[in-house]
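**Student:** Have a look at this one.
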Amino acid sequence: MNNLITDIPILDDIKIHDESVQGTAFESVQNQHNPNARKLYIETYGCQMNFSDTEIVASIMLKMGFKTETNPKNADVIFLNTCSIRENAEQKVWERLKQYRSLKKHNPGLIVGVLGCMAERLKSKLLEQDKLVDIVVGPDAYRDLPNLISEVDSGQKAVNVLLSLEETYADISPVRLNSNGVSAFISIMRGCDNMCSFCVVPFTRGRERSREVNSILHEVEILLKEGYREVTLLGQNVDSYRYHNTNFAQLLELVAQMDRNLRVRFTTSHPKDISNQLLETMAKYNNICKFIHLPVQSGNNRILNKMNRTYTREWYLERVQTARSIMPNLALSTDIIVGFCSETEEEHQDTLSILEEVRYEHAYMFKYSERPGTLAARKYPDDVPDQVKTRRLNEVITLQTQISREKNLADIGKTFTVLVEGASKRSEKDLCGRNDANKMLVFPYKEGVKKGDYIQVKVKQATSATLIGEIVD
Ligand code: SF4
């Protein structure tokens, strides 16, 4: 999922509740009004983990006295928090760096930093490849930013791409930059041990490590005080969370028990870790949303084995069946890769048929993009021609869009509990919010209804992406 968020909101309206946030928030508001404060501009690429990391980076930089800036032209420091999951994600960053070259000509003191997975993958090569770059920082080295900034201030280039076996930034309060004030992500673990043969994440984010339980519950407490109504527990593979004797199902239960009006979600899951204990815990609490993002990647066993996904089609379908028997209204989404090394037409048909068999609410669908350093890049030729990949991708998208539309059309006439997130992007007159199944609903504004309210919405129309309805009492 590639989103580019450029503008960082000014932090004037942060509600100061909690002392630890108070520090950061107070400082950030102070900084914001300090005309001499250095200005930080960050843009973030890639997955939700990166957006959460940007909130950690902002917290560290604000503690150093920086203030946020929404226009790169006015910035003293520009950070690009990058993604490496596919080639085109990195291409976007190279393009962006080209665009910033002119800014440095006008402001030679401008500091440009590359953060995140691309920084970890390319390391100091980034400095050689593009003279514009002053700082290169990997996902586990953000605590070192104060030192790195002072190195650059003293005229050097600075790099820290050390991966850690412990780092979880548990004690750093994220500054909620792009939040709607209703729903927030909480990073509960970092890294991934799964070693899927196509994936660069284990190399750019390191080994799995889980965050201390109480630091997670404390963050939920802060969010509740600040009026948040929904939290999403976040990790590359949240289901393998384990801190001492607390596994993911137990952590999920602890969070759900904190406030029964707090909606609880989690992402991303690996099918191998979907335990019956987790499914039964989800079923036990109304405030744990009945939705799982469950990447399957392919519908064919030979390809699944070559991807090192550690499960078979049959095993995956058994998990889906069990989950739906425990939670009949369970909604599912997935990730699909087409055109993986040596994938035949028949094997592609297996991917199409698993979409028909599971009938997901939604899917993220991509062509295989060879990533340097991965097991697949080292062992398997990327031998499916690009136009074949494109044709297969279009077939998968066409089929899934039809399934999403049919499932949404089947919701017409139904009434759902919706958590209001704010004004709809469609029109000022409409509000929007999601139901338990993580589907977005759009409905006309009604007097007295505001962000953070739980309301009943009856569905009147549907597209493949959105349900359109009206508020019912
Ligand atoms: S589970 Fe596989 S695809 Fe997901 S981050 Fe880990 S290695 Fe990558």
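The values are calculated or read from the model by the stated rules, or taken from the named source; none is laboratory data. Small disclaimer: the values here were computed from a predicted structure and weren't measured. In this analysis, Cβ positions are derived from the backbone assuming ideal geometry, glycine residues included, and neighbour counts consider all displayed protein chains. Side chains are part of the model used for accessible areas, which takes the heavy atoms of the whole protein and leaves out ligands, DNA and RNA. Shrake-Rupley method; radii C 1.70, N 1.55, O 1.52, S 1.80 Å.
**Student:** Could you work out the mean projected area of the convex hull around the alpha carbons of the stretch 181-234, in square nanometres to one decimal? Numbers along the way, then the final one.
**Tutor:** Details: hull surface 17.5 nm².
Answer in nm², one decimal: 4.4.
**Student:** If you take the C-alpha gyration tensor of the stretch 183-409, multiply each eigenvalue by 5 and take the square root, what semi-axes do you get, largest first, in whole Å? Walk me through the intermediate numbers first.
**Tutor:** On the way: eigenvalues 204, 87, 44 Å².
Ellipsoid half-lengths, sorted descending, are 32, 21, 15 Å.
**Student:** Quick one: plug the Kirkwood hydrodynamic radius of the chain (C-alpha pairs) into Stokes-Einstein at 10 °C, 1.306 mPa s, and report D in µm²/s.
**Tutor:** Numbers: Rh = 23.6 Å.
Rounded, D is 67 µm²/s.
**Student:** Still on this model: Could you provide, to the nearest whole Å², the per residue accessible area of the chain with probe 1.4 Å? Could you put the intermediate results ahead of the total?
**Tutor:** Values: 19690 Å² over 473 residues.
Averaged over the residues of the chain, the accessible area is 42 Å².
**Student:** When N counts the residues of the stretch 330-405, how does its alpha-carbon radius of gyration compare numerically with 2.2 N^0.38 Å, as a ratio? Walk me through the intermediate numbers first.
**Tutor:** Working: Rg = 13.1 Å, N = 76, 2.2 N^0.38 = 11.4 Å.
That works out to 1.15 for the stretch 330-405.
**Student:** No other cysteine beta carbon under 4.7 Å away is the test; run it over the chain and list who passes.
**Tutor:** For the chain, the answer is CYS47, CYS83, CYS117, CYS192, CYS289, CYS341, CYS432, because their Cβ atoms have no other cysteine Cβ under 4.7 Å.
**Student:** Given the Cα-Cα distance of SER325 and ARG207 and 0.36 nm per residue of separation, how much length would full extension add, in nm?
**Tutor:** The span from SER325 to ARG207 would gain 39.1 nm if fully extended.
**Student:** Ordered by packing density, taken as the mean number of other Cβ atoms within 10 Å over each peptide's residues, highest first, how do 391-402, 199-210 rank?
**Tutor:** Details: 391-402: 16.7, 199-210: 20.8.
So the peptides 391-402, 199-210, ranked by packing, come out 199-210, 391-402.
**Student:** Just order 59-68, 238-247 by mean Cβ neighbour count inside 10 Å, highest at the front, would you? Don't jump to the answer; show the numbers that get you there.
**Tutor:** Working: 59-68: 20.8, 238-247: 17.5.
Highest-to-lowest ranking by the protection proxy: 59-68, 238-247.
**Student:** I would also like to ask the following. Sorted by packing (mean other beta-carbon atoms within 10 Å per residue), highest first, where do 334-340, 423-429 land? Could the numbers behind the result be given before it?
**Tutor:** Numbers: 334-340: 23.1, 423-429: 11.9.
Listed from highest to lowest mean packing, they are 334-340, 423-429.
**Student:** State log₁₀ I(q)/I(0) for the stretch 21-160 at q = 0.09, 0.10, 0.13, 0.15 Å⁻¹ as given by the Debye formula over alpha-carbon point scatterers of equal weight, solvent excluded.
**Tutor:** Evaluating at q = 0.09, 0.10, 0.13, 0.15 Å⁻¹ gives log10 I(q)/I(0) of -0.24, -0.30, -0.52, -0.69.
**Student:** Distances over 21 Å make up what percent of all Cα-Cα pairs in the stretch 271-350? Walk me through the intermediate numbers first.
**Tutor:** Details: 1052 of 3160 pairs.
Distances greater than 21 Å cover 33 percent of the Cα pairs.
**Student:** Moving on to the next point. Can you bin every Cα-Cα distance in the stretch 134-267 into 5 Å intervals starting at zero and give me the percent of pairs per bin, rounded to whole numbers?
**Tutor:** The calculated distribution, bin by bin, is 2, 10, 17, 18, 18, 14, 11, 6, 3, 1, 0.
**Student:** Enter the Cα centre distance for the pair the stretch 43-60 and the stretch 265-307, rounded to the nearest angstrom.
**Tutor:** For the stretch 43-60 versus the stretch 265-307, the Cα centre distance is 25 Å.
**Student:** Once the Cα gyration tensor of the stretch 354-466 is found, what semi-axes does its equivalent ellipsoid get, as square roots of 5 times the eigenvalues, in whole Å, sorted largest first?
**Tutor:** Values: eigenvalues 290, 55, 29 Å².
In descending order the semi-axes read 38, 17, 12 Å.
**Student:** Treating the beta-carbon of each Lys and Arg as +1 and of each Asp and Glu as -1, no other charges, what is the dipole magnitude of the chain about its Cα centre, to the nearest 20 debye?
**Tutor:** Details: 61 positive and 63 negative charges, 133 e Å.
Result for the chain is approximately 640 debye, rounded to the nearest 20.
**Student:** Kirkwood Rh over Cα pairs of the stretch 230-306 into Stokes-Einstein at 25 °C, 0.890 mPa s: D in µm²/s? Write out the running numbers ahead of the final one.
**Tutor:** Numbers: Rh = 13.3 Å.
Answer from the Stokes-Einstein relation: 185 µm²/s.
**Student:** Putting +1 on Lys and Arg Cβ atoms and -1 on Asp and Glu Cβ atoms, find which of ILE60, TRP315, ASN81 reaches farthest to the positive end of the dipole of the chain.
**Tutor:** Going by the charge dipole, the pick is ASN81.
**Student:** Determine the share of the chain's accessible area contributed by carbon and sulfur atoms, expressed in whole percent, with a 1.4 angstrom probe.
**Tutor:** On the way: 10110 of 19690 Å².
For the chain, the apolar C and S fraction of the accessible surface comes to 51 percent.
**Student:** To the nearest 500 deg cm²/dmol, what mean residue ellipticity at 222 nm is calculated for the chain from DSSP H runs of n ≥ 4 alone, each contributing -39,500 (n - 2.57), summed and divided by the residues?
**Tutor:** Values: 15 runs with 172 residues, N = 473.
Per the formula, -11000 deg cm²/dmol.
**Student:** Once Rh for the stretch 415-472 is found with the Kirkwood sum over Cα pairs, what is the Stokes-Einstein diffusion coefficient at 37 °C and 0.692 mPa s, in µm²/s?
**Tutor:** Numbers: Rh = 10.9 Å.
So the translational diffusion coefficient is about 302 µm²/s.
**Student:** Any idea what the relative contact order of the chain is, in percent, if you count C-alpha pairs under 8 Å spaced at least 6 apart?
**Tutor:** Details: 946 pairs, mean separation 46.0, N = 473.
Here the relative contact order equals 10 percent.
**Student:** Among ASN245, ILE471, ILE216, whose Cα projects farthest towards the positive end of the dipole of the chain, with charges put on the beta-carbon of Lys, Arg (+1) and Asp, Glu (-1)?
**Tutor:** ILE471
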